[in-house]
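**Student:** Can you keep this structure in mind? I'll have questions shortly.
The values are calculated or read from the model by the stated rules, or taken from the named source; none is laboratory data. This is a predicted model, so every value here is computed, not measured. Counting neighbours? That spans all protein chains shown, and the Cβs are built from the backbone with ideal geometry, glycine included. Just the protein is used for accessible areas: all its heavy atoms, side chains included, with ligands, DNA and RNA removed. Shrake-Rupley method; radii C 1.70, N 1.55, O 1.52, S 1.80 Å.
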Amino acid sequence: MPPSIHPVDLIAALRQHNLTPAIVFLTSRRACDDAMQAFERDQVALPPARRRNIAATLQELATQYPSIAEHPLVPIVERIGVAAHHAGHLPSWKIAIEELMRQGLLDAVFATTTLAAGVDFPARTVVITQSSVRKTRDFTDLTNSEVQQLAGRAGRRGKDLVGFAVVTPSPYIDLGVITKGLTGQPEPIDSQFSISYSMALNLLKAHPLGQIQSILARSFAQFQLNRRAETLESKLDTLHVQMEPYGPRVCTDWITQWQSFEQARKRKSQRVHPKRQEPPELTSRLHFLTPGRVVGLTRGRGIVLRQYRSRGQKSPMVTVVREAGAVTECPASTVTQVFDRMFDVQEAPAYPWCAPHSLDELTGHLSELPVRLPVLPILVQPEPEEREVALTLTDDFPCPTCSSRPACQKDHATALKLRQDVQRHQKMIHALRTGLWHRFQSRTDVLQQFGYLTPTCQLTADGEWARLIRMDHSLLITELIRAEAFTGVEPHVLAAIMSSISHDNDRPGSFPRMSPGLSTVMWQVRRLAESLAPHEDPPLLRADVAALTERWVSDPNLTWLGLCRTTTMAEGDIYRLLARTLEYLSQLHTLKGTHRGLADTADKAIKNLRRGVLEELP
Amino acid sequence: MTTDELEKLLAVQPVSLLHQLGRGRIPRHFRLGKRRLIEALLRSTATNRAGLESDLLALMKDGDQQQIRPQAQPRTEPASPRRQSVSGKPEPAEPATDLKAFLEGIGVPEPSPFVPDPWQEEALAHLAETDVIVSVPTGSGKTYVAVEATRRAIDAERTVIYTSPLKALSNTKFTEFSKLFGADRVGILTGDRRDNTHAPLLIMTTEILRNLLYDAAGGEIDVRLDTLGLVIMDESQYLADPERGVVWEETIIFCPTQARLLLLSASIGNPQDIAAWLTSIRPTPCHLVRHNRRTVPLRAGYLHPSGKLAPLFRSVGIPHGHASLHQESKRLFSQYEAETLQPRSR
Ligand SMILES: Nc1ncnc2c1ncn2[C@@H]1O[C@H](COP(=O)(O)OP(=O)(O)OP(=O)(O)O)[C@@H](O)[C@H]1O
Ligand SMILES: [Mg+2]
């Protein structure tokens with residue numbers, strides 16, 4: 001028995017139950033193409049009338065999009081009424097398949113789950129063969145919303161009385177994820193607000209610095225942060241009430257006093273700790289790595305059970321329970337993310353540092369956590385020096401003879417924990433309320449350092465034009481312009497550099513070689529990108545991708561097919577690369593007021609670039 | 001609604017509905033009993049009751065409609081065989097559906113004149129006064145709301161901007177709207193092209209609109225924004241896109257106050273949050289139109305690699321919340337696992 005159904009059998013089964021037209025979602029483009037190949041040997045062909053209709057529709061579309069006429073998949077689509085639709089195809093081909101589907105001329109389309117929302121592409125049946133999708137590197141389970149977006153394409157209004165979502169197993173399937181997705185509620189969405197250099201410049205162009213904080217406060221990000229802050233504030237209120245019995249005693253700050261006394265007493269017998277040198281990011285995190293906290297680790301997630309210091313180096317460590325209930329010890333520095341999620345833990349003094357039932361509960365919680373969790377905003381601030389205990393002799397403390405001593409001794413542990421809780425809550429609330437503003441300030445600091453902003457946060461002459469560059473890696477691009485890296489370069493070199501900056505996919509492949517002229521400039525771009533790395537993530541700057549664009553722009557006689565033949569990159573990817581390059585070049589063109597030569601070069605590159613299939617769509 | 005009224009209303013709801021309300025509001029709501037759940041709901045929404053109220057009303061409405069539907073549309077949801085076989089013995093659970101019932105009713109509906117759905121009317125009516133968010137399932141007919149709202153705005157001599165997340169989608173809509181409104185009344189702006197920018201309806205990606213708004217705020221305007229009456233943001237669930245979501249926020253924050261905002265979104269878990277956010281930053285309170293009903297009923301099936309088909313769930317339609325699998329698909333799936341987990345005989 002094969003691990004999954006053969007595509008030809010799948011379509012036959014769907015046809016037999018009158019479940020066509022169908023969209024079959026497969027895990028990869030490769031799987032879609034393979035499925036199409038499987039039909040090559042299939043003898044079944046459509047009735048002649050259907051074939052003529054498909055041919056006629058394609059012909060009509062080809063008048064608007066000439067690339068359709070020559071598409072190598074045309075014959076098989078006409079013969080069997082089944083097609084593939086994925087990001088490796090040209091937009092014009094995807095439009096053609098969508099149109100055939102709308103007219104009811106196809107029985108099935110093999111597609112990847114990236115089939116975008118909103119593309120009018122419904123069917124009677126949707127076939128789901130996977131329960132996870134590839135996101136950057138790892139596979140993650142489909143969310144309820146994603147399952148519903150896929151299944152939701154089944155059942156066309158006005159064309160179907162009922163729609164079907166059919167699950168068929170493959171080695172990639174977890175039935176639980178899909179049934180949960182079908183029957184569950186879509187997940188709530190969270191703000192993904194981030195502040196870019198160009199956002200900072202554009203805000204400061206239009207508004208005085210004094211207004212920025214209130215503008216940021218209007219974001220959905222701040223709206224959601226405020227809600228979290230409100231929850232914490234009500235918890236803080238409860239904590240304050242719990243603190244009431246531990247108010248001032250003989251000394252006002254008896255908690256600190258008792259703590260110092262305790263420390264002094266212990267230190268009598270012990271060596272003095274070596275002074276800890278930890279990065280401030282880590283120090284500010286430690287406050288939050290308390291029992292019950294959900295954290296992200298290099299692999300998977302865990303819940304903190306305790307925090308301690310290692311014996312030798314005294315470096316901060318955490319004990320965490322991980323998925324499947326494993327309890328592990330790891331350095332606090334290996335925690336990649338601190339999530340805004342806490343669970344109750346019944347702590348215990350020895351391994352596994354919590355009560356057994358607590359451990360079971362936590363393991364259960366871990367497996368139930370949603371795919372996306374809000375991260376805790378943590379402000380990195382220089383910590384006030386941990387109050388060094390000036391008095392090392394216990395005799396210098398009034399505590400031993402104080403009338404409040406028994407009470408202090410008894411309450412200290414509880415009071416200290418409460419006080420730490422209060423402080424932690426105050427820190428979190430502060431971070432939630434002011435985090436965005438701090439992020440904005442860290443952007444303006446860099447912009448001042450580079451001379452795009454004056455010390456009073458006004459745009460400098462460079463800032464005035466730099467704010468027009470509004471794409472990713474804007475700092476790199478504006479710095480390249482200021483370094484005159486593009487002075488006198490050929491249009492094809494400029495286009496090639498822009499495409500290597502815009503391209504963010506590391507899918508390997510074979511590509512043409514680049515010209516010596518391009519490689520000199522490329523070398524300069526790489527060096528600058530590296531030097532900017534502390535302030536902006538460097539782009540991949542792939543030479544092979546740049547060379548492809550260079551080819552297309554430098555040789556106006558090169559045909560699309562000719563270009564595609566020089567590389568293993570799929571034509572849909574080439575198209576997207578060039579289309580994005582066009583957008584980047586257009587932004588350079590908006591600098592015509594200040595950078596005449598650059599704008600002219602960009603314009604020439606645009607003209608050379610936009611031809612053939614790149615002209616088919618606006 | 002006062003807190004007391006709200007509490008009373010909550011008290012008469014089924015627990016499952018309360019759990020739905022609890023999602024995203026109360027951690028581990030599924031552990032709580034009814035009484036504690038209501039208390040927790042009231043506590044967690046102490047500062048913002050409106051969201052809870054609107055969700056509650058929406059869920060109650062949903063519940064009502066689900067109850068009426070089987071009678072209203074007997075053809076699309078064939079009665080389960082149980083109707084005929086009700087015997088004296090009460091059964092603990094409804095008997096599972098069979099493949100025949102599962103596959104019954106496939107077909108094309110009779111053509112009928114176009115009648116807008118109540119939710120479409122509701123969205124359009126409110127758009128005359130306020131911003132509107134529509135969060136309904138895929139394929140429900142959000143485009144109709146966009147088109148009709150555009151028509152009304154153009155009739156009132158206001159300009160309209162329609163944004164989509166993707167260039168491909170902008171292109172499709174450009175073709176579609178040009179047919180509807182006439183080519184001279186529709187323009188399109190992309191990163192590198194501007195066609196017919198003086199048309200009353202402009203189509204662009206959200207990034208382009210964000211740039212326009214920044215240009216306008218910075219004093220350089222090249223598209224007239226003073227006559228702007230309506231901004232439609234299609235697929236606004238992109239607000240949660242890790243890379244691009246920020247652009248939706250910027251656009252909404254800087255959207256001119258005289259223009260109405262129409263956000264069209266697929267079903268998301270917390271549209272009431274977005275509505276509350278808009279209400280807090282826009283001149284008029286935002287109206288939320290939301291439902292989770294599918295216009296065309298959906299069923300789920302399981303197809304074994306041998307070509308054998310079975311209903312996935314015990315019921316004909318897709319149940320809400322906790323679901324039990326159909327015994328046949330359960331059997332087929334364990335058979336599949338047994339077959340594929342066996343060591344390869346090669
Ligand atoms: N009131 C109605 N009566 C009958 N059919 C309708 C009605 N409203 C919309 N439709 C039809 O429903 C279909 C789907 O509509 P539309 O594309 O607008 O869905 P959508 O909500 O935008 O979906 P998506 O989430 O995929 O973008 C269209 O064919 C449309 O003509
Ligand atoms: Mg739509």
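**Student:** For a Förster distance of 56 Å, can you work out the FRET efficiency between the beta-carbons of A:Asn505 and B:Val12, rounded to the nearest 0.05?
**Tutor:** After rounding to 0.05, the efficiency reads 0.55.
**Student:** Please give the contour-minus-distance gain from A:Asp9 to A:Thr568: 0.36 nm per residue of separation, less the Cα-Cα distance, rounded to one decimal in nm.
**Tutor:** 198.2 nm
**Student:** Of A:Gln149, A:Gly435, B:Tyr336, whose Cα points farthest to the positive end of the dipole of the protein assembly as shown (charges on the beta-carbon: +1 Lys, Arg; -1 Asp, Glu; origin at the Cα centre)?
**Tutor:** B:Tyr336
**Student:** Can you give me the accessible area per residue for chain A, using a 1.4 Å probe, in Å²?
**Tutor:** That works out to 47 Å² for each residue.
**Student:** Pull up all non-local amide H partners of A:Ala83: gap of 5 or more, or a different chain, and H-to-H distance under 5 Å with H placed in the peptide plane.
**Tutor:** A:Ala108, A:Val109, A:Phe110
**Student:** For chain A, find the longest principal axis of its Cα atoms and tell me its angle to the long axis of helix A:254-267, 0 to 90°, nearest 10.
**Tutor:** Orientation of helix A:254-267: about 80 degrees from the principal axis.
**Student:** For the A and B pair, go ahead and give the buried accessible area with a 1.4 Å probe, both sides summed, in Å² to 100.
**Tutor:** The buried area between A and B, both sides summed, comes to about 7600 Å².
**Student:** Taking N as the number of residues in the stretch B:118-290, what is its Cα Rg relative to 2.2 N^0.38 Å?
**Tutor:** 0.94
**Student:** Still on this structure: In whole Hz, what ³J(HN,Hα) sequence does the stretch B:117-124 give by Karplus (6.51, -1.76, 1.60; θ = phi - 60°), x for Gly and Pro?
**Tutor:** 6, x, 5, 5, 4, 4, 4, 5
**Student:** What residues in the stretch A:586-618 lose 20 Å² or more of accessible surface when the other protein chains are added to their chain alone (1.4 Å probe)?
**Tutor:** Those residues are A:Ser586, A:Arg610, A:Leu617, A:Pro618.
**Student:** Which percent of the accessible area of the protein assembly as shown is formed by carbon and sulfur heavy atoms (probe 1.4 angstrom)?
**Tutor:** 53
**Student:** Taking the Cα centre of chain A as the origin, how large is its charge dipole in debye, to the nearest 20, when only Lys and Arg (+1) and Asp and Glu (-1) carry charge on their Cβ atoms?
**Tutor:** 600
**Student:** Counting helices only, and only those DSSP H runs with n ≥ 4, report the 222 nm mean residue ellipticity of chain A as the sum of -39,500 (n - 2.57) divided by its residues, in deg cm²/dmol to the nearest 500.
**Tutor:** It comes out at -15000 deg cm²/dmol, rounded to the nearest 500.
**Student:** Which one, A:Pro618, A:Asn557, A:Ala35, is farthest towards the positive end of the dipole of the protein assembly as shown when Lys and Arg carry +1 and Asp and Glu -1 on their Cβ?
**Tutor:** A:Ala35
**Student:** Which whole number gives the average count of other chain Cβ atoms within 10 Å of the Cβ atoms across peptide B:240-252?
**Tutor:** 5
**Student:** I'd like the distance separating the alpha-carbon centroids of the stretch A:471-499 and the stretch A:223-241, in whole Å.
**Tutor:** 48
**Student:** Sticking with this one: Please list, in chain and number order, the residues 5+ apart from B:Leu312 or on another chain whose amide H is under 5 Å from its amide H, with Hs placed from the backbone.
**Tutor:** Those lying under 5 Å, H to H, from B:Leu312 are B:Ala300, B:Gly301, B:Tyr302.
**Student:** Here's something else I'd like to know. So, in nm, how far is label A:Thr559 from label A:Asp396 when the simple model puts each one 7 Å beyond its Cα toward the Cβ?
**Tutor:** Placing both labels 7 Å beyond Cα along the Cβ direction yields 9.1 nm.
**Student:** Return the sequence-ordered ³J(HN,Hα) values of the stretch B:163-180 in whole Hz as given by the Karplus equation 6.51 cos²θ - 1.76 cosθ + 1.60 applied to θ = phi - 60°, using x for Gly and Pro.
**Tutor:** 10, 10, x, 10, 4, 4, 5, 4, 4, 4, 5, 4, 4, 4, 6, 5, 5, 6
**Student:** Tell me, what ³J(HN,Hα) does each residue in the stretch A:322-327 have, in order and in whole Hz, if you take phi through Karplus 6.51 cos²θ - 1.76 cosθ + 1.60 with θ = phi - 60° and put x for Gly and Pro?
**Tutor:** For the stretch A:322-327, the Karplus curve yields 10, 3, 6, x, 6, 9 Hz.
**Student:** While we're here: Considering only DSSP states other than H, G, I, E and B, which trypsin sites (Lys or Arg not before Pro) in the stretch A:203-269 qualify as loop sites with at most 10 other Cβ atoms within 10 Å?
**Tutor:** For trypsin sites (Lys or Arg not before Pro) across the stretch A:203-269 that sit outside H, G, I, E and B with at most 10 neighbouring Cβ atoms in 10 Å, the list reads A:Lys268.
**Student:** Right, here's the next one. Under the rule of at least 5 residues apart or a separate chain, name every residue whose amide H is placed under 5 Å from the amide H of B:Leu202.
**Tutor:** Here the answer is B:Val160, B:Ile161, B:Tyr162, B:Gly187, since their amide H atoms fall under 5 Å of that of B:Leu202.
**Student:** Using the basic label-point model (7 angstrom from Cα toward the beta carbon), what is the A:Gln426 to A:Gln346 distance in nanometres?
**Tutor:** It works out to 3.3 nm between the two label points.
**Student:** Give me the percent of DSSP beta bridges within chain A that run antiparallel, rounded to the nearest 5.
**Tutor:** 60
**Student:** Ok, one more. Mind checking the angle between helix A:491-502 and chain A's longest principal axis? C-alpha axes, 0 to 90 degrees, to the nearest 10.
**Tutor:** With rounding to tens, the tilt is 50 degrees.
**Student:** Which order do you get for B:Ser164, A:Ser196 if you rank them by accessible area with a 1.4 Å probe, largest at the top?
**Tutor:** A:Ser196, B:Ser164
**Student:** Next question. Specify the angular offset, from 0 to 90 degrees and rounded to the nearest 10, of the alpha carbon long axis of helix A:596-609 from the longest principal axis of the alpha carbons in chain A.
**Tutor:** 50
**Student:** Separate question: In whole angstrom, how far apart do the alpha carbon centroids of the stretch B:91-153 and the stretch B:289-341 sit?
**Tutor:** Centre-to-centre distance over Cα atoms comes out at 23 Å.
**Student:** Along Cα→Cβ, 7 Å out, is where each label goes; now give me the distance between the ones at B:Leu42 and A:Asp237 in nm to one decimal.
**Tutor:** In this crude label model, B:Leu42 to A:Asp237 measures out at 1.5 nm.
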